[in-house]
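Everything below concerns the one structure shown next.
The values are calculated or read from the model by the stated rules, or taken from the named source; none is laboratory data. Owing to the predicted nature of the structure, the values given are computational and were not obtained by experimental measurement. Positions of Cβ are backbone-derived with ideal geometry, glycine not excepted, and every protein chain shown enters the neighbour counts. Please note that ligands, DNA and RNA were not included when accessible areas were found on the heavy atoms of the full protein model with its side chains. Shrake-Rupley method; radii C 1.70, N 1.55, O 1.52, S 1.80 Å.
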Amino acid sequence: MQAGEDTGAAAQAPDWPLRPLILAGLGLVAGLLVHLVMSGVRFEYQLSAVQAASISGIALAAVLTGFTLERRLWWASILFSLATALVAALVIYWNGSPGGWSASEGWRTISLLLAVAIAAPLFQAARDENAPRFPYATVHDHAWTNVVLWCACCLFVVIVFLMAWLLSALFELIKIHLLCELLEKEWFWRALIGLAFGAGLGLLRENDAVVRLLQRVVATVLAVLAPVLAIGLALFLLALPFTGLQALWDATSATTPILLFCVVGALILANAVIGNMPEHERRFPLLRYGAMVLAATILPLAIIAAIATGLRIGQYGFTPERLWAMVFVTLACLYGAAYLVSLALGRLGWAARVRPANLALAFVTCGIALLLATPLVSFNAISTRDQLARLESGRVKPEEFDWRALAFDFGTPGKAALEKLRRSANATIRAGAENAARADSRWEVQAGDEAGRRRAETARNVRLLPKGGAMPAGLLETIASSAQCSGNSKCTLSLLGAQEALLFSDQCFERGGVSRTDRKTGKTISGYSDCGIMSRYVLIDGKWAEPTTDFGKVIPGDPGPRGAAYREGRIEIRKVERRQVFIGDVPVGEAFE
């Protein structure tokens, strides 16, 4: 069946005029309760485990009730929503305070929300059947409906706030500040979010024809895009034998997410074409064969992503992010295998085989997502053990070890390992662990041999003037730490004696660089640069540092003659007499001619 077509009991549910009022009130109460729980807390990382669990439980109970509530078997929807919200709250509480989460543990929350999003249409289908049965057409229809309703309600909330801000500005014109002051109060805008979301959800659910129309529009647009993506993915796979895979392996940090997004896109567009029952498949040949090509490309893309992730793990070991990538790649391979087998066995009738596979994989994905949302499987602990083994076995040198990740990315297991390494017999390991343990932020710790790589990169990018001069000790490291001359950014360093230096960006003195605006005419002149000195370094107490003096970094005028002199290295310091306003003995404003 196409998304948006009526199915079973869900389509035959009678109107319920009170539902918009019930859901609006539910949203208002949920917003106020969330505010009470968050009272005195400004940022999410300041929440305690109890507060985070309470907020999650309140929000999920309200949202799930809003999406699943029907006049028929209303009590079943409420029980499902409360039970699911309770499980989610317990999982959040089990994970501890958000302030103690590591960088990757936000994926646990995403995993939990994915499990809930899959469970909701499964429950709705079973409720409609009055039994634990899950007809694919009904599950598919509820899933599409929930997605469309969610997006539409979020848009409705945005519109409500835009209207509120507009009205507040209008009343401000006549010196009535009440609405503006209310919008600045946390309790008001949190309650307004809940009220607007609940009211929008209730109104849309009572106007089924509108939702069905939105579903048909979305499904039609996605189906039309299917052959476009199919051609692109097919050409990509056909080109790989000729272009080689080395570029993919060199970019392993980007390869896996890009390929996984392609897999997700292929799954969504293919299902938009095949619908949820044979009578509603799109039979137009271009769309039909486009969906078949998408089904055939999913497994190859997933395998390439798996190889890329495996190479990254082989080079650098486990991290929580790479373990999450392994999970997503494994699921992608399962879906790819199911679709390819269905295509091979069913040929033009492949959709009839893939629909039950979709349902089975939904249960598998829901179970895996719920499991990974809990601390039962700790990617932090797995990553910590693997990284320690690599360090202690000598596969990774202490100076190349990623101390930053151990201190700030691996959570409690990483910090515990760091304390252990602070007592290591190896002096280099002990020093690295000590430095990482004392750091207040991740940016105070170099990741692996990052300092050496950045220093070498800066040395390649910096031209030293006067020619033949020697780089002062410590200055290159200071410049490298600022990352101003990293990547493809070429710079020139002009030494002014032994204790002062100026750093310039070469791009500032090249045509075709940065566009500038003429101060007299106001016109934008492309190809001219409006920047001057990037940094001034001074040797203070034996260390190179940037004084707080503010440089005028805008240099008006045609950079042509100046660029030629710059390339020739004709850079000098001259004394210039200027005038400036003083009040008493204190200078005021900028100097002027």
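Go through segment 131-149 and count every residue that is over 22 Å from residue 274 (Cβ atoms) and either β-branched (Val, Ile, Thr) or without any contact (Cβ under 8 Å) to a residue 60 or more places away in the chain (or both).
Count: 2.
Applying the selection to segment 124-179, what residues are within 25 Å of the chain's Cα centre (by Cα), surrounded by fewer than 19 Cβ atoms within 10 Å (Cβ to Cβ) and closer than 30 Å to residue 357 by Cα?
146, 147, 150, 151, 152
Pick from segment 90-106 the residues that are in a helix (DSSP H, G or I) and under 14 Å from residue 371 (Cα atoms): which of them is modelled with the lowest pLDDT?
95
Does residue 305 count as at pLDDT below 90, of a type in the set (A, V, I, L, M) and surrounded by 15 or more Cβ atoms within 10 Å (Cβ to Cβ)?
Numbers: at pLDDT below 90: no; of a type in the set (A, V, I, L, M): yes; surrounded by 15 or more Cβ atoms within 10 Å (Cβ to Cβ): yes.
Considered against the rule, which asks whether it is at pLDDT below 90, of a type in the set (A, V, I, L, M) and surrounded by 15 or more Cβ atoms within 10 Å (Cβ to Cβ), residue 305 comes out as no.
Go through (1) in a helix (DSSP H, G or I); (2) free of Cβ contacts under 8 Å to residues at least 12 places away in the same chain one by one and return the number of the condition residue 468 breaks.
(1) is the only condition that residue 468 fails.
Looking at 363, 379, which is the one that is buried (at least 20 other Cβ atoms within 10 Å of the Cβ), at pLDDT 85 or above and aromatic (Phe, Trp, Tyr)?
Only one candidate passes the filter, namely 379.
Condition check ((1) more than 26 Å from residue 216 (Cα to Cα); (2) out of contact with any Lys or Arg (no Cβ under 7 Å at 6 or more places or on another chain); (3) of a type in the set (Ser, Thr, Tyr)) across all residues:
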{"site": "273", "(1), (2), (3)": "no, no, no"}
{"site": "289", "(1), (2), (3)": "no, yes, yes"}
{"site": "312", "(1), (2), (3)": "yes, no, no"}
{"site": "352", "(1), (2), (3)": "no, yes, no"}
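With respect to residue 282, is the statement that it is open to solvent by 40 Å² or more (accessible area, probe 1.4 Å), touching a residue at least 40 places away in the same chain (Cβ under 8 Å), out of contact with any helix residue (DSSP H, G or I) (no Cβ under 9 Å at 6 or more places or on another chain) and charged (D, E, K, R) true?
Answer is no for this residue.
For segment 237-261, give me each residue that is in contact with a Ser or Thr (Cβ under 8 Å, 6 or more places away or on another chain) and hydrophobic (A, V, I, L, M, F, W, C). It would help to see each step written out before you state the result.
Step one: filter segment 237-261 for residues in contact with a Ser or Thr (Cβ under 8 Å, 6 or more places away or on another chain), giving 237, 248-249, 252, 256.
Across segment 237-261, the qualifying residues are 237, 248, 249.
Out of the residues in segment 431-448 meeting the condition of being within 26 Å of the chain's Cα centre (by Cα), open to solvent by 50 Å² or more (accessible area, probe 1.4 Å) and not hydrophobic (A, V, I, L, M, F, W, C), tell me which one is modelled with the highest pLDDT.
440
What is the one condition in (1) crowded, with 21+ Cβ neighbours inside 10 Å; (2) under 29 Å from residue 271 (Cα atoms); (3) of a type outside the set (S, T, N, Q) that residue 92 does not satisfy?
(2)
Quick one: which of 384, 428 is touching a helix residue (DSSP H, G or I) at 6+ places or on another chain (Cβ under 8 Å) and surrounded by fewer than 17 Cβ atoms within 10 Å (Cβ to Cβ)?
428
For residue 395, state whether it is basic (Lys, Arg) and buried (at least 16 other Cβ atoms within 10 Å of the Cβ).
no
Could you please let me know if residue 77 is among the polar types (S, T, N, Q) and either part of a loop (DSSP other than H, G, I, E, B) or surrounded by fewer than 17 Cβ atoms within 10 Å (Cβ to Cβ) (or both)?
Spelling it out, it is not the case that residue 77 is among the polar types (S, T, N, Q) and either part of a loop (DSSP other than H, G, I, E, B) or surrounded by fewer than 17 Cβ atoms within 10 Å (Cβ to Cβ) (or both).
Return the only residue of 84, 109 being modelled with pLDDT of 85 or more, more than 29 Å from residue 137 (Cβ to Cβ) and either surrounded by fewer than 21 Cβ atoms within 10 Å (Cβ to Cβ) or touching a Leu at 6+ places or on another chain (Cβ under 8 Å) (or both).
The conditions single out 109.
Looking at (1) in contact (Cβ under 8 Å) with a residue 24 or more places away in the chain; (2) surrounded by fewer than 20 Cβ atoms within 10 Å (Cβ to Cβ); (3) over 28 Å from residue 141 (Cα atoms), which is the one condition that is false for residue 256?
(2)
Is there any pair linking a residue in segment 560-584 that is modelled with pLDDT under 75 to one that is open to solvent by 100 Å² or more (accessible area, probe 1.4 Å), with Cβ under 9 Å and at least six apart or on different chains, and which?
Pairs found: 560/511; 563/511; 564/570.
For the list (1) surrounded by 18 or more Cβ atoms within 10 Å (Cβ to Cβ); (2) within 30 Å of residue 442 (Cα to Cα), I need the number of the one condition that residue 64 fails.
Among (1) surrounded by 18 or more Cβ atoms within 10 Å (Cβ to Cβ); (2) within 30 Å of residue 442 (Cα to Cα), the lone unmet condition for residue 64 is (2).
If a residue has to be under 24 Å from residue 67 (Cα atoms) and over 29 Å from the mean Cα position of the chain (by Cα) to count, how many in segment 180-210 make the cut?
Selection size over segment 180-210: 10.
If we only count helices (runs of 4 or more DSSP H) wholly inside segment 334-435, which ones have 2 or more residues that are among the hydroxyl-bearing types (Ser, Thr, Tyr)?
Numbers: elements: 350-373, 379-393, 403-408, 411-421.
Once the helices (runs of 4 or more DSSP H) in segment 334-435 are filtered for at least 2 residues that are among the hydroxyl-bearing types (Ser, Thr, Tyr), what remains is 379-393.
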